[in-house]
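The values are calculated or read from the model by the stated rules, or taken from the named source; none is laboratory data. Just so it is clear, the structure is predicted and the values come from calculations on it, not from any experiment. Because the Cβ atoms are built from the backbone with ideal geometry, glycine has one as well, and the counts that use them run over all protein chains shown.
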Amino acid sequence: MLAIALNPGFVCIIAALVALAAPRIVRPALIAGAAAVALWLMLDREFGAAMAARQMGLPVVLLDLDALNRIFGIAMLLALIVIGIASGARRNRAEDAAMLLLAGGAVSALFVGDLISFVAAASLSGIGAAWIVFASPLPNAARSGARMLIWFGLEGLLFLVGVAFQLSAGAGSSEITRLDVATLGGGFLFAALLLRAGAPFAHVWIKDAIAHASPVGAAALGAFTNMLGVYALARLFPAEPLLAPIGLSMIVVGAAFAVAEDDLRRAAASGLTAQIGVCVMLIGIGSPLALAAAEGHAFTLMFAFLALNLALGAVLGRQGHARASQMEGVGRAMPLSAALVFFAGLAAAGTPGLATYVTTSIALEAATQWNGAAPWAITAGLSAALLIALALRPALQTYRGLPGPTQTNEAPFPMLLAPALAAFFCVSIGLAPAWLYGLLPTQLAFRPYELERAGPQLELLGAAGAVYLALRAVKFTAPERSQRLIDVDAIYRGPAAGAGRWVGVVLLRAYGAWAAQWERFATAAGAAIARVMRACDRPYRAGAFGAAQWVTLAAALALALLWQRL
Amino acid sequence: MIKPAPPKSRGIAGVLFVCLLAVATAGLLVDVLALRGPRFSIIAEPGARAALGAGVAVAAALTGFLLRWLLGRPIQDEGGAHARDRA
């Protein structure tokens, strides 16, 4: 068979260029087709490096396939097929190209085998992500896109400095291998990857971007942006002890915002941050079981949150918002979309029978290997918190009837088919997890549906849900109100931005005063020079200059006489 | 005479509550009755998951109050109509 040694991500990047010129009817097929071709290119190859070359003495490995990047590649490319289907629901050429560029950059970054190519591909995916936000029709999307560009610019700077320090240690150090956080290069790369994964303080960019992206764009951002960070952390910093507490703090912060946000798309983004925190914590634990759990969990999260973002996007597309406080009656107006939102919420929470449960149960098993019971309890408690945030709260609001008849206004067919397909992946992996376990880099014999595992998970979710509903019945939960929660981004969007504007105004005024003074000085100097020049043009005019000439001539004459005497 | 509007329905809260209670009870029974060796921590003992779930629910309710009180800001109209489909 003909083996083509091409990085699968390049197919999507080429398709992004084609999408700019393709008519609307072709673009969904182009997106799905590019993903299918890339999938074929990946699955058709044996493990190992290909397309290796040397440039300026540095190794450039454009394709290096192994079990770790294969599992992420399969998930991303299947997600791209689903997104391609959803993209048929609307007309947005720029966003189609941006999504292909984002996916192409992310998939390319998975399969390259040297740091320079990785940084280039990751930065390309960052540009694609910002372009998706810029292409969104939502209000304030351009501002959000600009903020995203700043985040990715900072990440790119950290990447470049890190790679430069790595290269200074020798050409061989640009190969992708385990790095040490204690070195300068490793430290900068670690910081860049934490930023990409959405670690605390950098968790705001994904919320901001998803809340301002279009319905389909938000799904693409959730699938391709911080998942690349998870992959790179697993590749470059496995068993790094710092990652475990960072992951735990991501879980806590993400879960807290998920249960309190009114905008369900922001809540979904916070839930994604929390679940990615589980992956980051597991990478930090670093045992073979924990690493397998992290990789498998990232795989299943991609489908659960793809379904959730698309289903919420379907509601946004018809209602103009996806706010819990304003979703009463949506269950009657959009019965299929509301059902998909509820189902996807259950999937994101790790309900038994669905994909995230089979990896959450491995994660819990791996968490027992770390210090104390707190990490285990926080990981287990996350399922309960996400059940409340992403399944119960939306369901309680959407199925709450408004008085009077409601006209059915269901989402377009592609926006129903795409989340349904993602939900199908959740069910199929959840019911038959053996094929997922077979894809993992670590051999795994794990039975998630043993009674001693499935029973307690049902107990946890059932108790959490029942107690929350009881609290809600006695009005001990915060009323659903149209509100926006500020986060750490309020610092740079509020006081920091205000201080920046103030400094800018002061600097502009100082510059204006300096420029005015300079103009005055230049005018005076110019006038003086002009006077001299005019005087030079009239050398025989009576006046000081005439007298000076006579004095000079007399002095020259006196000097000549004196010279003759001597 | 103005006829009062019918009250808003409670939706599926009741059905959900019954289902979740049934699931919790079934899970608790399995957890208590399942025969297995010593567990790694007290948090994994029979019934501890139910307590953890209840604790998370209370924490979620309190967090909702706290975060909205501390960090909640009113929303200016951002023209959500722009988000509607433009096929």
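Mind checking whether some residue in the stretch A:168-175 is in contact (Cβ under 8 Å) with a residue 40 or more places away in the chain, of a type in the set (Ser, Thr, Tyr), within 28 Å of A:PRO137 (Cα to Cα) and touching a helix residue (DSSP H, G or I) at 6+ places or on another chain (Cβ under 6 Å)? So far as the stretch A:168-175 goes, no, none of its residues is in contact (Cβ under 8 Å) with a residue 40 or more places away in the chain, of a type in the set (Ser, Thr, Tyr), within 28 Å of A:PRO137 (Cα to Cα) and touching a helix residue (DSSP H, G or I) at 6+ places or on another chain (Cβ under 6 Å). Just to be sure, is A:ILE176 surrounded by 21 or more Cβ atoms within 10 Å (Cβ to Cβ) and either at pLDDT 95 or above or in contact with a Lys or Arg (Cβ under 9 Å, 6 or more places away or on another chain) (or both)? When the stated conditions are applied, A:ILE176 does not pass them. The number of residues in the stretch A:392-418 that are more than 9 Å from every other protein chain (Cβ to nearest Cβ), over 29 Å from A:VAL467 (Cβ atoms) and of a type outside the set (Gly, Ala, Ser) comes to 10.
This table checks each residue for (1) in contact (Cβ under 8 Å) with a residue 40 or more places away in the chain; (2) not in a helix (DSSP H, G or I).
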{"position": "A:ALA106", "(1), (2)": "yes, no"}
{"position": "A:SER123", "(1), (2)": "no, no"}
{"position": "A:PRO137", "(1), (2)": "yes, yes"}
{"position": "A:LEU149", "(1), (2)": "no, no"}
{"position": "A:PHE152", "(1), (2)": "no, no"}
{"position": "A:GLY156", "(1), (2)": "no, no"}
{"position": "A:ARG178", "(1), (2)": "yes, yes"}
{"position": "A:LEU194", "(1), (2)": "yes, no"}
{"position": "A:ALA199", "(1), (2)": "yes, yes"}
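Based on what the data block shows, is A:SER87 surrounded by fewer than 24 Cβ atoms within 10 Å (Cβ to Cβ) and of a type outside the set (A, V, I, L, M)? Taking the combined requirement at face value, the residue does not satisfy it.
Would you pick out the residues in the stretch A:464-514 that are without any contact (Cβ under 8 Å) to a residue 12 or more places away in the chain and within 28 Å of B:VAL58 (Cα to Cα)? Scanning the stretch A:464-514 gives A:ALA466, A:VAL467, A:ALA470, A:LEU471, A:ALA473, A:VAL474, A:LYS475, A:PHE476, A:THR477, A:PRO479, A:ILE486, A:ALA490.
Considering the stretch A:483-494, the residues that are out of contact with any helix residue (DSSP H, G or I) (no Cβ under 7 Å at 6 or more places or on another chain) and part of a helix (DSSP H, G or I) include one that is nearest to the other protein chains (Cβ to nearest Cβ), namely A:ALA490. Residue pairs whose Cβ atoms lie under 8 Å apart, separated by 6 or more positions or on different chains, with the first residue in the stretch A:403-418 and closer than 17 Å to A:ALA339 by Cα and at pLDDT 85 or above and the second among the polar types (S, T, N, Q) and surrounded by 12 or more Cβ atoms within 10 Å (Cβ to Cβ), are A:GLU410/A:SER337; A:ALA411/A:SER337; A:PRO414/A:SER87; A:MET415/A:SER337; A:LEU416/A:SER337.
Applying the selection to the stretch A:49-106, what residues are charged (D, E, K, R), touching a Pro at 6+ places or on another chain (Cβ under 8 Å) and farther than 22 Å from A:ALA218 by Cα? Correct list: A:ASP66 only. For the stretch A:471-482, does any single residue satisfy the condition of being at the interface with chain B (Cβ under 7 Å from one of its Cβ atoms), in contact with a Phe, Trp or Tyr (Cβ under 7 Å, 6 or more places away or on another chain) and farther than 30 Å from B:GLY47 by Cβ? Checking the stretch A:471-482: not a single residue is at the interface with chain B (Cβ under 7 Å from one of its Cβ atoms), in contact with a Phe, Trp or Tyr (Cβ under 7 Å, 6 or more places away or on another chain) and farther than 30 Å from B:GLY47 by Cβ.
Take the conditions on the phi > 0 side of the Ramachandran plot, at pLDDT below 95 and not acidic (Asp, Glu) and apply them to A:ALA239. Does it pass? Considered against the rule, which asks whether it is on the phi > 0 side of the Ramachandran plot, at pLDDT below 95 and not acidic (Asp, Glu), A:ALA239 comes out as yes. Per the conditions (1) away from chain B (no Cβ under 14 Å); (2) modelled with pLDDT of 95 or more; (3) under 17 Å from A:LEU102 (Cβ atoms), the sole criterion not satisfied by A:ASN226 is (2).
Just one of the listed residues (A:ILE246, A:ILE276, A:ILE251, A:ILE283) is assigned to a helix (DSSP H, G or I), closer than 28 Å to A:ASP180 by Cβ, within 14 Å of another protein chain (Cβ to nearest Cβ) and modelled with pLDDT of 95 or more, and it is A:ILE251.
Taking residues in the stretch A:325-345 that are touching a residue at least 12 places away in the same chain (Cβ under 8 Å), and partners anywhere that are charged (D, E, K, R) and buried (at least 23 other Cβ atoms within 10 Å of the Cβ), the pairs with Cβ atoms closer than 6 Å and at least 6 places apart or on different chains are A:SER325/A:ASP262.
Annotation note: of A:ALA385, A:ALA377, the sole residue that is within 11 Å of chain B (Cβ to nearest Cβ), in a helix (DSSP H, G or I), closer than 23 Å to A:PRO479 by Cα and touching a Ser or Thr at 6+ places or on another chain (Cβ under 9 Å) is A:ALA385. Pairs meeting the criteria (first residue in the stretch B:54-75 and facing another protein chain (nearest Cβ under 7 Å) and touching a residue at least 40 places away in the same chain (Cβ under 8 Å), second residue assigned to a helix (DSSP H, G or I) and of a type in the set (Ser, Thr, Tyr), beta carbons under 8 Å, at least 6 apart or on different chains) are lacking. Identify all residues within the stretch A:27-80 that are assigned to a loop (DSSP other than H, G, I, E, B) and loosely packed, with under 14 Cβ neighbours inside 10 Å; write none if there are none. The answer is A:ASP44, A:GLU46, A:PHE47, A:MET56, A:GLY57.
Hey, any hits in the stretch A:499-517 for a residue that's of a type in the set (Lys, Arg) and within 11 Å of another protein chain (Cβ to nearest Cβ)? The answer is no, given that none of the residues of the stretch A:499-517 is of a type in the set (Lys, Arg) and within 11 Å of another protein chain (Cβ to nearest Cβ). Which ones in the stretch A:84-94 are assigned to a helix (DSSP H, G or I) and more than 23 Å from A:ASN7 (Cα to Cα)? Residues satisfying the conditions are A:ILE85, A:ALA86, A:SER87, A:GLY88, A:ALA89, A:ARG93, A:ALA94.
Condition first: modelled with pLDDT of 85 or more, more than 7 Å from chain A (Cβ to nearest Cβ) and surrounded by 19 or more Cβ atoms within 10 Å (Cβ to Cβ). Can you find one or more residues in the stretch B:16-37 that meet it? There is no residue in the stretch B:16-37 that is modelled with pLDDT of 85 or more, more than 7 Å from chain A (Cβ to nearest Cβ) and surrounded by 19 or more Cβ atoms within 10 Å (Cβ to Cβ). On the basis of being crowded, with 24+ Cβ neighbours inside 10 Å, β-branched (Val, Ile, Thr) and either modelled with pLDDT of 90 or more or farther than 24 Å from A:GLY317 by Cα (or both), does A:THR442 make the cut? In short, no.
Scanning the stretch A:7-26 for residues that are part of a loop (DSSP other than H, G, I, E, B) and within 16 Å of A:ASN92 (Cβ to Cβ) gives A:LEU20, A:ALA21, A:ALA22, A:PRO23, A:ARG24, A:ILE25, A:VAL26. Looking only at the stretch A:311-342, how many residues end up being buried (at least 24 other Cβ atoms within 10 Å of the Cβ) and away from chain B (no Cβ under 14 Å)? Going through the stretch A:311-342 one residue at a time, the tally reaches 2. With respect to the conditions (1) within 13 Å of chain B (Cβ to nearest Cβ); (2) in contact with a Phe, Trp or Tyr (Cβ under 9 Å, 6 or more places away or on another chain), A:GLY455 falls short on a single one, namely (2).
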